[in-house]
Amino acid sequence: MTRLVLALVLVAIGTAAQAQGIKLAICPGEFALCAASGTTPVPNKTITVGDKVYPLGHAVCPVLAGPAIADLNLTGGSCANPGPGKVWSLFSAAYSSYPQAPSWSVAPAKPRTFVTTMAPGGGMSNMWSFPCVIRPGSTNGAKLADCYGPMNESPSGNPVPPGTKVITEAAPGVANPVGGNIP
């Protein structure tokens with residue numbers, strides 16, 4: 001049932017994306033899936049998305065294989081990896097289980113909603129279609145990547161203020177979960 005809800009949210013995001021000029025593509029190959037990851041703010045660093053400046057966040061995410069959904073406006077118009085040893089952080093509803101922190105063991109995806117707050121760790125991040133650097137080796141069999149993207153920014157490129165309802169697959173208590181606001 002939760003995967004059905006997630007699929008419906010994806011349809012809503014896709015419809016909103018088309019209306020806002022977001023160019024969606026299904027990409028094959030490796031990608032980072034940050035859907036259950038938390039985010040740590042990078043002190044004194046920002047990232048510009050469109051014409052808006054956001055605090056920069058860092059998330060550790062498992063590397064999986066496609067197909068996955070990308071915003072080509074943010075990936076330079078291509079599904080090709082952003083460089084050697086790098087992947088894009090994309091989204092896929094194809095995985096019902098995947099490696100998740102803190103152990104990086106494979107666990108079922110558990111979509112949930114939460115409301116953003118001003119409290120430390122009460123925000124969210126959007127890592128969708130941003131570059132990641134693959135870490136050497138693996139942790140508990142999982143290939144991991146360091147991903148960097150905007151904090152409190154929606155997948156449609158708009159600010160996410162406190163009090164916004166967000167969907168994520170991160171466990172309750174994870175600081176600044178990666179997710180997307182519910183349209």
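Cα to Cα, under 23 Å, and not fewer than 8 places away if on the same chain: which lysines meet these conditions relative to LYS165?
LYS52, LYS110
According to a simple spin-label model (label point 7 Å from Cα along Cα-to-Cβ), what is the distance in nm between ASP146 and ILE26?
About 3.4 nm separates the two model spin labels.
Please compute P(r) over all alpha-carbon pairs of the chain, binned at 10 Å starting from zero, and give each bin as a whole-number percent.
Bins of 10 Å from zero give 10, 41, 40, 9, 0 percent of pairs.
Considering only protein heavy atoms and a probe of 1.4 Å, how much of the accessible area of the range 42-176 is carbon and sulfur, as a whole percent?
Details: 3730 of 6200 Å².
Whole-percent figure for carbon plus sulfur exposure: 60.
On average, how much accessible surface per residue is there in the range 14-123, in Å², for a 1.4 Å probe, leaving out ligands, DNA and RNA? Intermediate results must be reported in sequence, preceding the final value.
On the way: 5470 Å² over 110 residues.
On a per-residue basis, 50 Å².
Considering only DSSP beta bridges whose two residues both sit in the chain, what percent are antiparallel, to the nearest 5? All intermediate terms of the calculation are to be shown ahead of the outcome.
Working: 42 of 45 bridges.
Here the share of antiparallel DSSP bridges comes out near 95 percent.
What percent do you get for the relative contact order of the chain when only Cα pairs under 8 Å and 6+ apart count? Show your work: numbers first, answer last.
Working: 442 pairs, mean separation 50.5, N = 183.
Once normalised by length, the contact order is 28 percent.
Which aspartates and glutamates does LYS45 reach when only Cα atoms under 18 Å apart count, and residues fewer than 8 places away in its own chain are ignored?
Qualifying aspartates and glutamates at Cα under 18 Å: ASP146, GLU153.
The values are calculated or read from the model by the stated rules, or taken from the named source; none is laboratory data. These numbers come from a predicted model, not from an experiment. Don't worry about glycine lacking a Cβ; one is built from the backbone with ideal geometry, like all the others, and counts go over all protein chains shown. Protein only, heavy atoms only, side chains kept; ligands, DNA and RNA dropped before computing areas. Shrake-Rupley method; radii C 1.70, N 1.55, O 1.52, S 1.80 Å.
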